[in-house]
Amino acid sequence: MADVTLDQALPVIQNLAERKAGAFVRRRRLAIDECEDVQSHLVLTFIARWPKFDGEKASVQTFASRLMDKELTSILRYRFAQGRQPRELPVPYSGRLRH
């Protein structure tokens, strides 16, 4: 398989990230303005992991798609974890109860 450079792969990756981010935002009913943030995050994640790409194992499209799916799952887990953060409990009554 011919070597692919990051510059050659980037247009395909940006398109894939745009589609995946749009679908993610719609499915999760997030604010539409979050779409661009998610898309940028996916592209940056791809760029960071580009050195691990092996054209003998997968196409750029497959590598990127799997990577982005995992990253979207991580984003979702992070958002759910934020919702489960412990809230401050009320301070218990420190005085004695009278009977």
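Taking segment 22-38 only, how many residues are open to solvent by less than 100 Å² (accessible area, probe 1.4 Å) and in contact (Cβ under 8 Å) with a residue 24 or more places away in the chain?
2
Taken over segment 3-29, residues that are over 13 Å from the mean Cα position of the chain (by Cα) and aliphatic (A, V, I, L, M) amount to 7.
Number of residues in segment 3-60 that are β-branched (V, I, T) and closer than 24 Å to R77 by Cβ: the value is 7.
One residue stands out in segment 5-21 among those that are surrounded by 15 or more Cβ atoms within 10 Å (Cβ to Cβ) and aliphatic (A, V, I, L, M): the one that is farthest from Q61 (Cα to Cα), namely A21. Among residues of segment 57-80 that are over 15 Å from N15 (Cα atoms), those with a beta-carbon under 8 Å from a residue that is open to solvent by less than 30 Å² (accessible area, probe 1.4 Å) and among the aromatic types (F, W, Y) at least six positions away or on a different chain give the pairs L72/F24; I75/F24.
The values are calculated or read from the model by the stated rules, or taken from the named source; none is laboratory data. These numbers were taken from a predicted model, which means no experiment stands behind them. Glycine gets a Cβ as well: all are built from the backbone with ideal geometry, and neighbour counts include every protein chain shown. Surface areas here come from the heavy atoms of the whole protein model, side chains and all, with no ligands, DNA or RNA. Shrake-Rupley method; radii C 1.70, N 1.55, O 1.52, S 1.80 Å.
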